[in-house]
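Structure first, commentary second.
The values are calculated or read from the model by the stated rules, or taken from the named source; none is laboratory data. Being a predicted model, the structure only gives us computed values, none of them experimental. Cβ coordinates were reconstructed from backbone atoms using ideal geometry, including for glycine residues, and neighbour counts include every protein chain displayed.
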Amino acid sequence: MLGHRCTQCRRVAFPPDPYGCEKCGAPHTDLEEFVLEAKGTVRAVATVHRHHHASPPTPFTVAVIDLVGGPVIKAIVAGGEVRVGVVVEGVLVEDVEDPEGTVMVDLQFRVVT
Ligand SMILES: [Zn+2]
């Protein structure tokens, strides 16, 4: 997973900040690429039963994840018993196909057993 790290305040962002640092206001020229480990611990979890897109189908689980050495993100977690404190790792999952036939890929997380 590729994020940004601010060279001024060391804030790590994922996804990368395209315009600049949200914490200290440094411009995008002060951001450097930062490789994040696609692994973390679930801080909070919720099950989504209704939403405004066809994909992913409901119900699905969204978690707040403390990434190892990085920021806190929200992501879909599938597979295993998702609860606060479990360790999860990122996987790329094929998502919907666009009208041109391109299959999109989505970052999701799985419980590490
Ligand atoms: Zn900063």
Discussion item. Of the residues 100, 94, only one is outside any strand (DSSP E or B), more than 13 Å from the chain's Cα centre (by Cα) and surrounded by fewer than 10 Cβ atoms within 10 Å (Cβ to Cβ); which?
Written reply: 100
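For every residue, the table says whether it meets (1) at pLDDT 95 or above; (2) of a type outside the set (S, T, N, Q).
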{"position": "6", "(1), (2)": "yes, yes"}
{"position": "9", "(1), (2)": "yes, yes"}
{"position": "14", "(1), (2)": "no, yes"}
{"position": "17", "(1), (2)": "no, yes"}
{"position": "25", "(1), (2)": "yes, yes"}
{"position": "39", "(1), (2)": "yes, yes"}
{"position": "45", "(1), (2)": "yes, yes"}
{"position": "52", "(1), (2)": "no, yes"}
{"position": "55", "(1), (2)": "no, no"}
Item to complete: From (1) surrounded by 12 or more Cβ atoms within 10 Å (Cβ to Cβ); (2) more than 12 Å from the ligand (Cβ to nearest atom), pick out the condition that doesn't hold for residue 5.
Response: (2)
Practice prompt. Inspect the stretch 10-18 for any residue being over 22 Å from residue 109 (Cα atoms), away from the ligand (no atom under 12 Å from the Cβ) and in a loop (DSSP other than H, G, I, E, B) and give the result as yes or no.
Written response: yes
